[in-house]
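To start, the structure under review is shown below, and the notes come after it.
Read-outs: derived from the displayed coordinates by stated rules, not from any lab. Because the structure is predicted, anything quoted here is derived from the model rather than measured. A quick note on method: Cβ atoms are made from the backbone with ideal geometry, for glycine too, and the neighbour counts reach across all protein chains shown.
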Amino acid sequence: MNFDFAALLVFLTFASGLIWAIDAWFLAPRRISNATTRTTGSGEAGQNASHESVFVEYARSFFPIFLIVLILRSFLVEPFKIPSASMMPTLLIGDFILVNKYDYGIRLPVLNYKIIDRGTPERGDIVVFRYPEDPGIPFIKRIVGLPGDKVAYYDKTLYINSLPVSQILKGHYQGQGAGIMMNGVSLRLELLDDIEHEILIDPGRMSQRLETVVPEGHYFVLGDNRDNSKDSRFWGFVPDQNLVGRAFMIWMNWDRKNGGIDISRIGTMMK
């Protein structure tokens, strides 16, 4: 069972705001009225009668915090952690990334319904999306096929509209830490339209063979670690409504197997 933090955040924001509002509009005036009628000579009983409960005090204190976090996380940026090697060498296990939530349109939290259309993904974008076979799981891959594209993959080469996507051999990849298992595989530079990015190819593994056309409102995605990625070659297309946002920056890397924090990756912009 996957934990839905967005739903919890919406609930906490609504609940704390509702408690605060009920107290401010109904209970507080009643307390003040009762305090006025019960005031003793010292006024001590009146002070006690007009004091709000600890429960209300917590709701009033935390509501602005919950609201700010909800707005930032739902409409601006959201943090994610990379748990797998499927996007190596672009993203490493232990990278913490930021995802732009507004480039592809403003969506309501939890419902994921688009209320403002701002744009569509471009080929080469690294996107976070809700896994089509289990929407509770966030996935991250690179968009290689846009709606209407004819996409093929065989002999470890990607073809877009019958044209091969160029690959330039750069040598052998030197894996470290949690990514040591990819040490020695082929490191290549792929030229995807105007986007140059590195990919990993394992010559020792068999290549999938696939040819398909991307339907309207959907995208074809691949991991940069081509022979170690569960992507559109296995489970199909990503619907537009499953998009969460565009990954754009690494703000932290924590890999215990590589000595902890890798300062050199902090602030790295993605492409």
Quote the FRET efficiency, to the nearest 0.05, computed for I263 versus A6 with a Förster distance R0 of 35 Å and r equal to the Cβ-Cβ distance. 0.70
For D125, what residues show an amide H to amide H distance below 5 Å, using hydrogens built from the backbone and excluding near sequence neighbours? I143
How big is the dipole moment of the chain about its Cα centre under a simple scheme where the beta carbon of each Lys and Arg is +1, that of each Asp and Glu is -1, and everything else is neutral? Debye, nearest 20, please. 340
Given pairs K81/K156; K156/K271; K101/K271 and cut-off 26 Å on Cα-Cα distance, the over-length ones are K81/K156
Among the aspartates and glutamates, which have Cα under 13 Å from the Cα of K114 when same-chain residues fewer than 8 positions away are ignored? D103, D240
Dimensions (Å) - the range 161-209, Cα atoms, principal axes, largest first: 37, 25, 17
Which whole-number percentage describes the relative contact order of the chain, with Cα contacts under 8 Å and a sequence gap of 6 or more? 19
Within the range 126-160, what residues put their amide N at less than 11 Å from the label point 7 Å along the Cα-to-Cβ vector of K114? none
Please list, ordered by chain and number, the residues whose modelled amide H lies under 5 Å from the amide H of D255; skip anything fewer than 5 residues away on the same chain. G260, I261, D262
Per residue of the range 105-118, what does 6.51 cos²θ - 1.76 cosθ + 1.60 with θ = phi - 60° give for ³J(HN,Hα)? Whole Hz please, x for Gly and Pro, Karplus curve as stated. x, 8, 10, 5, x, 6, 6, 6, 8, 6, 9, 9, 8, 9
Of all GluC sites (Glu not before Pro) in the range 171-236, the ones in DSSP coil with at most 15 other Cβ atoms within 10 Å are E216
